[in-house]
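The values are calculated or read from the model by the stated rules, or taken from the named source; none is laboratory data. Since this is a predicted model, take the numbers as computed values, not measurements. Heads up, the Cβs are rebuilt from the backbone with ideal geometry, glycines too, and the neighbour counts pull from every protein chain shown.
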Amino acid sequence: MKTLYLRIVMTTILVMFVSSIIAFILSNAYYQYSLKPYNDKKITEMTEDIVTFYENNPEINLKGYLENTAELGYQIYLVDNQGRDAFYGGEFGNKEIHPKVVQDVLGGQTYHGIAEFPSKVFITGFFDNQLINTIGMPINVGGESYALFVRPNIELQFSEMRIFFSILLLLTILLSILLVLISTRYIVKPIVKLTEATKKIAEGKYLIHLNVKRRDEIGKLASHFSQMAKNIAQLEEMRQEFVSNVSHEIQSPLASIQGFSQTLQTEKLSPEQRDHYLSIIEYESRRMSLLSKQLLTLASLDKEEDILEKSSFDVAEQIKQVFVMTEWSWRDKDLAIEMDLPSTFIYADQKLLHQVWTNLLTNSIKFTDNGGSISIHLRKDEKEFRVTFKDNGMGISQQDLPNIFTRFYKADKSRNRKEGSSGLGLAITKKIVEMHDGQIHVESQLGVGTTFHIHLPRM
Ligand SMILES: Nc1ncnc2c1ncn2[C@@H]1O[C@H](COP(=O)(O)OP(=O)(O)OP(=O)(O)O)[C@@H](O)[C@H]1O
Ligand SMILES: [Mg+2]
């Protein structure tokens, strides 16, 4: 399994590995182009000193002199023109050297083996313990010419340093890997928590507690995630409530339709009773049809995908039409109607606004007793249109007032049952008004009456 943890650790180690290779190549290039000529020059001077000192003091024993010099940290090779040779100091890893080189040095030339050492990417000539990687110079021994080859004994000169640097490098690598292992765990931990939380949400458990206090991107992700989980939980609760409300609203008319149709089938009834039961069945089915219409409206409004089909029309005329349409019901209750509706053109969705006035007027009619009164006003100023629906009906209690725009909320349950309400009218009304960037307010006092104010912006 490729975990994020493993991935980060592996990547870091790979990065360390690659960067050390690149660093090695770069420092090697630095040696080849800058350090090598300098090194060659330095050792040439050193060899020169060795030769000059001997030639100025020919009485000293050459073997002893070279042995002593070698002990100071050099590898030395001495050869004469007959091919007799001797090594001093640390042994060469590769003792081969071209006879031509020896001949040239015997002939008086200086051999720059260090500067000429072949440069390859992975070979740092500095460490190459080969006879060709030396400085060669002629040396006069008792009137005879010898060739002297010298290179620093890296092992001797740098042995402690080498151990020191090796330990330093090894410890750096080991500690880096250890720290990467630990720190990666710290980075990955909140992601593991988040993954577990997502799994929980997928299983339908929305109550999660993410204890991530970090302020970086992962911390932000965790806090947004918690917020999202809370919102989903809320939405889920609303959905369940909505479904149970819908089922309940459907259940009661269905039960009465079932009950009355059974009675009609099984019992002997007078024609009047029969008509009465049939009219109940018709009423209940109409109620269900209305409910499903309201639900469909809500669903389409909820989508909110710019469904407004705006046009210019006279709202006063539209409200009057609603009065005509509902005439039978307010005449039936003997309600006094007062209208102040000056002709006013508005740019809005005609069908949806029609529903707003219908919902408000049917509410006023429904919740006002016989002989009451309803008044409607329409006003406009520079900024907005204001429509007021006022009745002197039963009113709404202060506890119920904040809830009346909630879906399925009905203040007076018993009365509503009789009136065939579903409690969706005002929710739809509010939604439509808000889609037009407007506002709806209510004032009400129990037993005195209710007033709804609708404000719609002029543009
Ligand atoms: N004019 C009013 N006077 C008194 N109470 C009202 C008035 N308008 C609304 N209400 C209260 O607010 C509740 C919610 O109204 P809403 O229009 O949303 O639902 P409804 O009229 O009961 O049902 P529906 O409109 O879906 O048929 C009503 O049940 C009623 O209790
Ligand atoms: Mg209503």
Exactly one of Leu378, Leu308, Leu291 is over 28 Å from Ile250 (Cα atoms) and buried (at least 17 other Cβ atoms within 10 Å of the Cβ), and that one is Leu378
Tyr146 vs (1) in contact with a strand residue (DSSP E or B) (Cβ under 6 Å, 6 or more places away or on another chain); (2) outside the structural domain of Thr69 (by TED's automatic domain parsing): all pass except (2)
Quick check on Val433: is it touching a residue at least 60 places away in the same chain (Cβ under 8 Å), part of a helix (DSSP H, G or I), farther than 30 Å from Glu284 by Cβ and more than 13 Å from ligand 2 (Cβ to nearest atom)?
yes
Among Ser223, Ser176, Ser183, the single one that is touching a residue at least 40 places away in the same chain (Cβ under 8 Å), small (Gly, Ala, Ser) and not assigned by TED's automatic domain parsing to the domain that holds Gly425 is Ser176
So Met459, is it outside any helix (DSSP H, G or I) and either within 14 Å of ligand 2 (Cβ to nearest atom) or surrounded by 15 or more Cβ atoms within 10 Å (Cβ to Cβ) (or both)
no
Screening Lys390, Lys351 for residues that are surrounded by fewer than 17 Cβ atoms within 10 Å (Cβ to Cβ) and under 29 Å from Arg458 (Cβ atoms) leaves only Lys351
Condition set away from ligand 2 (no atom under 16 Å from the Cβ) and farther than 30 Å from Asp306 by Cβ, scope the stretch 436-448, selection nearest to the chain's Cα centre (by Cα): answer is Glu443
Checked the stretch 354-374 for anything within 12 Å of ligand 1 (Cβ to nearest atom) and under 13 Å from Gly449 (Cα atoms); matches are Asn363, Ser364, Ile365, Lys366, Phe367, Thr368, Asp369, Gly372, Ile374
Does any residue of the stretch 38-45 turn out to be under 28 Å from Gly113 (Cβ atoms), within 50 Å of the chain's Cα centre (by Cα) and either charged (D, E, K, R) or part of a helix (DSSP H, G or I) (or both)?
no
Expected output for the stretch 30-52 (first residue modelled with pLDDT under 90, partner among the hydroxyl-bearing types (Ser, Thr, Tyr) and surrounded by 14 or more Cβ atoms within 10 Å (Cβ to Cβ), Cβ below 9 Å, 6+ apart or cross-chain) is Tyr31/Ser119; Tyr31/Thr124; Gln32/Ser119; Gln32/Thr124; Tyr33/Ser119; Lys36/Ser119; Asn39/Tyr31
